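In what follows, a single structure is set out as structure tokens and then discussed.
The values are calculated or read from the model by the stated rules, or taken from the named source; none is laboratory data. A quick note: this is a predicted structure, and the numbers were derived from the prediction, not measured. Virtual Cβ from ideal backbone geometry, glycine too; neighbours counted across all protein chains shown.
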Amino acid sequence: MKLKTLITAGAIAVFAFTAGYSVNTQAFAQGGRTYELMDLFADVFERVKRDYVEDVSDEKLIEAALNGMLTSLDPHSAYLNAKNFEDMQIQTKGEFGGLGIEVTMEDGLVKVVSPIDDTPAARAKIQPNDLITHLDGVSVMGMGLTDAVEKMRGKPGTDIRLTIFRKSEERTFDVTLTRAVITIKSVRAHLEEGDIAYIRITTFSEKTGERVAKALKDLEKEARKPIRGIILDLRNNPGGLLDQAVSVSDLFLQGGEIVSTRSRDPNDTQRFDARPGDVAAGIPMVVLVNGGSASASEIVAGALQDHKRATLVGMQTFGKGSVQTVMPLPGHGAMRITTARYYTPSGRSIQAVGITPDILLDADGVAHEPVPHGEALLPNALTQTENERVKPAAAPVAPDAGKKGKDGARPDAASKKDKGAAGSGKPGQDEKKEDFQMKKAIELIRKGEALGGAGQ
């Protein structure tokens, strides 16, 4: 609340200076040069209003100044005007208009974190780490993330042309997408081989925890024999609501810490614990992750890994270990600001590092060492302090290194990169290719090598 009050007071002061009114400067004087710097801002504001080649509205200048201040802090802080704030609220409820891409900014370009299943972006085979350079032929350089997202949204049925640079293939190409009403089905489930529950979480929106519990219950009824194992697929899941990550983790843990958040003030530290009761009764679990698994996905993966409740298979996760708080500004939208970092039960901060799977395996069935990617490559990304740099919960292993054929699952691959989502509903592979991460998960369950048990 102190931060919200300070920012609001600053905004009021700007308007007071420009309108020629006097303000109580005592609060600013206590901050040393704060008053002087606010006076500098007001001076620049007035000169722009007077001398800029074109007339610019007060609202546009102030919104740009607020957004510039916040976006300079880290990739996830921003000012949201009234329309963008409304759009964000709609998105967290699971339905919005657009293309179905979770994005961020990198070097002035729009970077794809993950496409969302069964959306225009996923069907067009947009991949994580793709860089969007132009929208309908207009360069995104100099365009804020909020503005870029707003341009990609629009009336369902209308088209937009994206120019994409794909790093993994070193090529640039255009793709035309038709906007649609994006209704996110956050949970999907089916049986694999009759007795393995496959549960796919595409995003953590409202009621995701309830939907996972219901999906597992429905699969138990559908199966003609006891469920032998659970595969929780978090690949290309960009995250979402913190409380839903806690809710999903809670389903499979008997107790203990799920995640803790620590802000600048030690008194604001929060700890989220699991309630007694594992809905799966200790059934062995495998969690699938990749470079598109971010934020809330990493909370779930980290909690289940630290409690040795599940075996993690896939690639290093995105590494977004920070918590954002949305603070409404009455009459002026809201501000989204990073207020804390989150830590796994063992005390690991994954910020700019990510979660290392127990078994490193890409979509082509090839093991790789973790390399810097995702959050670590974003401009102004928060870094880890020395005492936060910890070893992985367990040493990752390469699956059946050197073997070939059905038992080894190490094919000759055209690309050794972790592929993005296609339209198959099983992210991480093209629909025409075998899903080696899924294959490994089933193998671990069949051989009794997947972790399970009390989950404490």
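If you check Gly291, Gly209, Gly240, which single one turns out to be closer than 30 Å to Ile337 by Cβ and touching a His at 6+ places or on another chain (Cβ under 9 Å)? Quick ask: steps written out before the conclusion?
Details: Gly209 fails: touching a His at 6+ places or on another chain (Cβ under 9 Å); Gly240 fails: touching a His at 6+ places or on another chain (Cβ under 9 Å).
Answer to the selection: Gly291.
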- Task: Return a yes/no flag: does segment 183-193 have any residue that is on the phi > 0 side of the Ramachandran plot and of a type outside the set (Val, Ile, Thr).
- Result: yes
- Query: Quick one: is Gly154 exposed (fewer than 15 other Cβ atoms within 10 Å of the Cβ), over 21 Å from the mean Cα position of the chain (by Cα), within 26 Å of Gly374 (Cα to Cα) and modelled with pLDDT under 90?
  - Reply: no
- Given the conditions (1) part of a helix (DSSP H, G or I); (2) in contact with a helix residue (DSSP H, G or I) (Cβ under 8 Å, 6 or more places away or on another chain), which single one is not true for Arg211? (2)
- Task: Check whether at least one residue in segment 346-369 is farther than 28 Å from Gln437 by Cα and either of a type outside the set (Phe, Trp, Tyr) or in contact (Cβ under 8 Å) with a residue 60 or more places away in the chain (or both), and report yes or no.
- Result: no
- For Asp55, indicate whether it is loosely packed, with under 15 Cβ neighbours inside 10 Å and at pLDDT 90 or above. yes
- Query: Any residue in segment 215-227 that is charged (D, E, K, R) and either surrounded by 15 or more Cβ atoms within 10 Å (Cβ to Cβ) or touching a Phe, Trp or Tyr at 6+ places or on another chain (Cβ under 6 Å) (or both)?
  - Reply: yes
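Here is a yes/no grid of residues against (1) of a type in the set (S, T, N, Q); (2) farther than 30 Å from Thr344 by Cα:
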position: Thr172; (1), (2): yes, yes
position: Ile196; (1), (2): no, no
position: Arg200; (1), (2): no, no
position: Asn237; (1), (2): yes, no
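So, of the residues in segment 164-203 that are farther than 19 Å from Val286 by Cβ and among the aromatic types (Phe, Trp, Tyr), which turns out to be surrounded by the fewest Cβ atoms within 10 Å (Cβ to Cβ)?
Restricting to residues being farther than 19 Å from Val286 by Cβ and among the aromatic types (Phe, Trp, Tyr), the top hit is Phe173.
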- Message: Return the residues of segment 186-208 that are in contact with a Ser or Thr (Cβ under 7 Å, 6 or more places away or on another chain) and in a loop (DSSP other than H, G, I, E, B); say none if nothing qualifies.
- Response: Ser186, Thr202, Thr203, Ser205, Glu206
- Query: Do you know which of the residues in segment 276-316 that are touching a Lys or Arg at 6+ places or on another chain (Cβ under 8 Å) and hydroxyl-bearing (Ser, Thr, Tyr) is farthest from Val113 (Cα to Cα)?
  - Reply: Ser295
- Which numbered condition Ile160 fails, given (1) farther than 24 Å from Val248 by Cα; (2) of a type outside the set (Gly, Ala, Ser); (3) loosely packed, with under 15 Cβ neighbours inside 10 Å; (4) touching a helix residue (DSSP H, G or I) at 6+ places or on another chain (Cβ under 8 Å): (3)
